[in-house]
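Asks: Could you have a look at this structure, given as structure tokens, before my questions?
The values are calculated or read from the model by the stated rules, or taken from the named source; none is laboratory data. From a predicted model like this one, the values you see are computed outputs, not experimental measurements. Here Cβ is always computed from backbone atoms with ideal geometry, including for glycine, and neighbour counts include all displayed protein chains. When the accessible area is computed, the model is the full protein with side chains, heavy atoms only, and any ligands, DNA or RNA have been set aside. Shrake-Rupley method; radii C 1.70, N 1.55, O 1.52, S 1.80 Å.
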Amino acid sequence: MQPGTTGYRGVFHRLRVDILVLIVACCAFLPLVPAPPHLMNDVDAVQAQIARNMLESGNWVTARLDGVAYLEKSPLIYWIMAVSYRLFGVHDWSARLPLALINVALCWVTARFAMWALGRRAALYAGVIIATCVGMFLFTRILIPDAALTLTIALTLWSFLRLLDSAEKRRWLWFLLLYGSIALGLLLKGLIAGVFPAGIMLVYLAVTREYTPRELFRRMRPFLGMIIVLVIAAPWHVLATLQNPPHFNWTMHSGPGEYHGFFWFYFFNEHVFRFLNMRYPRDYNTVPRVWFWLLHFAWLFPWSATMVSAFRTSYKVVDRAGRVRLLCLIWIGFILLFFTLSTTQEYYSLPIYPALAILLGGDLARREKYPQWARILLVSIFAVCLGVIGYLLVSTARLATPGDISTALTQHPDLYTLSLGHMGDLTVRSFAYLRLPLALAGLAVLIGAVGLLLVRQTKAAVFVLTVVMLVFLQAARIALIKFDPYLGSYGLARALMRSQPGTLIEADAYYAFSSVFFYTDRTALLWNGRSANLEYGSYAPNAPKVFIDDARLQTIWMGSGKSYLLLDDSDLPLLRKLVGNNFRVVAESGGSYLVTNPSGVYP
């Protein structure tokens, strides 16, 4: 036990760690809450709009977009945002706030988990590592429930070890937290919230063999625990099944034009078929397995410089520290292996970040001096980055920046089903629009290079790297503001709100302009948009008739009523083929357009 871990002094030291971790986490995540940047098209604005639809309709069971049932996701993340709307009003920042607070809570829980077994210094390092690593920023800047899922998994596994600890005095608290976390995870992300903790716990028990089955049943109370899980998680699943018949279908085929109700789509199509890569529609991509593993050195940067050495530790279950390290190793291995056998995207491994942070933090806490080879590696990387940033700033210094950044980007639509697909759109000229964030990023890596050259102590190196990442994350936030017209459609939404009333039509799938629908709170007819996530719900017997073809567009456009159309550059040739030049551009933003028909008086 560390000195000062008991009594008033111990409370003070633990509180100091809590405060430091919370300050760093708040500095990392809270600046992303206010706009700009505004909500992006695709899943970001879609999640926010579903929450609003639930709040306004009073139906908290079936998610809907444009009136169409959206059956593929669990509802808790929508409920959380809807409660935030009820408290603060419907805004982009009120959609983001609860998820940012969840990120902060995840950092704190990771730190507390590490403190329980490895001490205060390991706790501080683990909390800071997960708060400032590259992956947490990249994969939590949009409104997805994965960080919340990660929090429930971390709480479940920590509760599991607390229940097994013979010194634990508050068993009922951790018992309720374990099964409550599993239930909430099921309502956040589906069955993997139960599969992951259960698989990790079973492998841990099989490896350690510390407890007899009778002792495990006495400590874990699995039957009572399952009742708790069912009481919390089952009602939504039952109600969603009843609201969206047919109630049960067991077909093993997934294809266009088929509708089998909620039960089949959610459990079979979204879980079994997605794992087996048989899901329809296939509106996702998968990262090559080798890259899925190796990219964790990028996602955990800069802390991944010591990742290899962090795994070179004792996993003997002779004390609490050894048990936690072994659990973290199994935690990481189980989830990575699961997604190696399935379809995967870069952010799917987010649930292992607490385990990686605990191992990395524990390794650093044992070292008085930061490893020399890690310092050399990081200084070299920072120096190269500084050189690249300097080159980009000099080479773009005299370039004009007309319009927005979209004019300097290329497009690679085949990559956009990957989380970082838009990175391939960057050109040298596009960095002329990013001079301020580039300069700030240059300052960050300069601090890192100089700081690591000057310091030797681990705690000083951790401080330097924390400052580097906090500065770099602010640079990334400013860069996102520059990308705002390209990744979202806030400018088009403002133009539409200033225009006179009329029928709104959108080209392609709903996701393409989802931020317009959020900021204007409007529905639309979807021209050739029966695809991706709304395709399945569109075949439901009670689905609204919002999907139109070319002929219907021509009829509406050439009629007497005022109409507006949201479309991309790529849709203009077909529009001209159908209606000629009978349209006027109301607004353009990021390579997308809001156009109107000749009818009526122009705004």
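Asks: Sum up the charges of everything whose Cβ sits under 10 Å from the Cβ of Tyr519, counting Lys and Arg as +1 and Asp and Glu as -1, but leave Tyr519 out.
Replies: Charge balance in the 10 Å sphere: 0.
Asks: Full-extension gain between Phe297 and Ser57, please, as 0.36 nm times their residue separation minus the C-alpha to C-alpha distance.
Replies: In short, 82.0 nm is gained.
Asks: Moving on to the next point. Using the basic label-point model (7 angstrom from Cα toward the beta carbon), what is the Met252 to Ser380 distance in nanometres?
Replies: Result for the modelled spin labels: 5.1 nm.
Asks: Here is a further query. Toward the positive end of the charge dipole of the range 88-205, about the Cα centre and with charges on Cβ (Lys, Arg +1; Asp, Glu -1), which of Val134, His91, Leu177 goes farthest?
Replies: Of Val134, His91, Leu177, it is Leu177.
Asks: Along the charge dipole of the chain, which of Leu118, Ser489, Ser514 sits closest to the positive end, that is, farthest toward it, with unit charges on the beta carbon of Lys, Arg, Asp and Glu (+1, +1, -1, -1)?
Replies: Leu118
Asks: What does the charge count near Leu15 come to, summing +1 for each Lys or Arg and -1 for each Asp or Glu among other residues with Cβ under 14 Å from its Cβ?
Replies: My count for the surroundings of Leu15 gives +4.
Asks: For the chain, what does -39500 (n - 2.57) per DSSP helix run (n ≥ 4), summed and divided by total residues, give at 222 nm, in deg cm²/dmol to the nearest 500?
Replies: Calculated at 222 nm, the ellipticity per residue is -18000 deg cm²/dmol.
Asks: Where nothing but the Cβ of Lys and Arg (+1) and of Asp and Glu (-1) is charged, how large is the charge dipole of the chain around its Cα centre, in debye to the nearest 20?
Replies: Dipole about the Cα centre, nearest 20: 2400 debye.
Asks: List the lysines whose Cα sits under 22 Å from the Cα of Lys577, skipping any in the same chain fewer than 8 residues away.
Replies: Reachable lysines: Lys562.
Asks: How tilted is helix 320-340 with respect to the longest principal axis of the chain? Cα atoms for both, answer in degrees (0 to 90, nearest 10).
Replies: Between helix and principal axis, roughly 30 degrees.
Asks: Provide Rg and Dmax in Å for the range 381-484, with only Cα atoms included in the calculation.
Replies: Over the range 381-484's Cα set, Rg and Dmax evaluate to 15.7, 48 Å.
Asks: What Kirkwood Rh does the chain have if only Cα atoms enter the pairwise 1/r average? Answer in Å.
Replies: One over the average 1/r among Cα pairs gives 26.0 Å for the chain.
Asks: Share of the range 322-478's accessible area from carbon and sulfur, percent, 1.4 Å?
Replies: Here carbon and sulfur together make up 70 percent of the probe-accessible area.
Asks: Okay, moving on. Are there chymotrypsin sites (Phe, Trp or Tyr not before Pro) in the range 223-257 that DSSP puts in a loop and that have at most 11 other Cβ atoms within 10 Å, and which ones?
Replies: Here the chymotrypsin sites (Phe, Trp or Tyr not before Pro) that fit, given the DSSP loop and packing criteria, are Phe248, Trp250.
Asks: How far apart, in nanometres, would the label points at Arg312 and Asp521 be if each is projected 7 angstrom from Cα along the Cα-to-Cβ direction?
Replies: Taking the two extended label points, one gets 6.0 nm.
Asks: Sticking with this structure for a sec: Given the Cα-Cα distance of Asp569 and Leu176 and 0.36 nm per residue of separation, how much length would full extension add, in nm?
Replies: 136.1 nm
Asks: If you don't mind, there's one more thing I want to ask. Report, in debye and to the nearest 20, how large the dipole of the range 490-596 comes out about its Cα centre when Lys and Arg carry +1 and Asp and Glu carry -1 on their Cβ.
Replies: In total the dipole reaches around 380 debye.
Asks: If you don't mind, another one. Kindly express, to the nearest 10 degrees and within the range 0 to 90, the angle between helix 7-29's C-alpha long axis and the longest C-alpha principal axis of the chain.
Replies: Approximately 30 degrees, to the nearest ten.
Asks: Turning to a different aspect of this structure: For the range 67-150, what does the alpha-carbon gyration tensor say about shape, rounded, prolate or oblate, given a ≥ b ≥ c as the root eigenvalues, a/c under 1.5 as rounded, and a/b over b/c as prolate?
Replies: Prolate shape, in that a/c is at least 1.5 and a/b is the bigger ratio.
Asks: Nearest-5 percent of antiparallel DSSP beta bridges in the chain?
Replies: Counting only bridges with both partners in the chain, antiparallel ones make up about 60 percent.
Asks: Hey, with R₀ at 51 Å, roughly what FRET efficiency would Arg552 and Phe217 work out to, going by the Cβ-Cβ distance, to 0.05?
Replies: 0.25
Asks: From the phi of every residue in the range 231-247, what ³J(HN,Hα) in whole Hz does the Karplus formula 6.51 cos²θ - 1.76 cosθ + 1.60 yield, where θ is phi - 60° and glycine or proline is x?
Replies: Computed from phi, the couplings for the range 231-247 are 4, 7, 9, 5, x, 5, 4, 5, 5, 5, 5, 5, 6, 10, x, x, 6 Hz.
Asks: How would you classify the range 98-239 from its alpha-carbon gyration tensor, with a ≥ b ≥ c the square roots of the eigenvalues: rounded for a/c under 1.5, else prolate if a/b is greater than b/c, otherwise oblate?
Replies: Oblate shape, in that a/c is at least 1.5 and b/c is the bigger or equal ratio.
Asks: Need one number: the % of Cα-Cα pairs in the range 205-329 sitting beyond the 26 Å mark.
Replies: For the range 205-329, the share of Cα pairs beyond 26 Å comes to 58 percent.
Asks: In nm, give the distance between the simple-model label positions of Val290 and Thr503, each being 7 Å from the Cα along the Cα-to-Cβ direction.
Replies: 5.3
Asks: Identify, among Pro75, Ala100, Pro288, the residue whose Cα sits farthest towards the positive end of the charge dipole of the chain, taking +1 on the Cβ of Lys and Arg and -1 on the Cβ of Asp and Glu, with the dipole about the Cα centre.
Replies: The residue sitting farthest along the positive end of the dipole is Ala100.
Asks: Within the chain, what is the longest stretch that has no GluC sites (Glu not before Pro) placed in a DSSP loop and near at most 16 other beta-carbon atoms within 10 Å?
Replies: Between exposed loop sites, the widest span is 369-603.
Asks: Ignoring ligands, DNA and RNA, what accessible area per residue does the range 490-596 give at 1.4 Å, in Å²?
Replies: For the range 490-596, the per-residue accessible area is 41 Å².
Asks: I would also like to ask the following. Stretch Arg435-Arg494 to full length: gain in nm at 0.36 nm per residue minus the Cα-Cα span?
Replies: 18.6 nm
Asks: I would also like to ask the following. Given 25 °C and 0.890 mPa s, how large is the Stokes-Einstein diffusion coefficient of the range 283-404 in µm²/s, with Rh as the Kirkwood radius over Cα pairs?
Replies: Calculated translational D: 143 µm²/s.
Asks: What's the ranking of 8-18, 348-358 by average number of surrounding C-beta atoms within 10 Å, highest first?
Replies: Most protected by this proxy first, the peptides run 348-358, 8-18.
Asks: Report, to the nearest 10°, how far helix 171-189 tilts away from the longest principal axis of the Cα atoms in the chain, using its own Cα long axis and a range of 0 to 90°.
Replies: On a 0 to 90 degree scale, this one is about 20.
Asks: From the backbone phi of the range 457-473, what are the Karplus-calculated ³J(HN,Hα) couplings (6.51 cos²θ - 1.76 cosθ + 1.60, θ = phi - 60°) in whole Hz, Gly and Pro given as x?
Replies: For the range 457-473, the Karplus curve yields 5, 4, 5, 5, 5, 4, 4, 4, 5, 5, 4, 4, 6, 5, 5, 5, 5 Hz.
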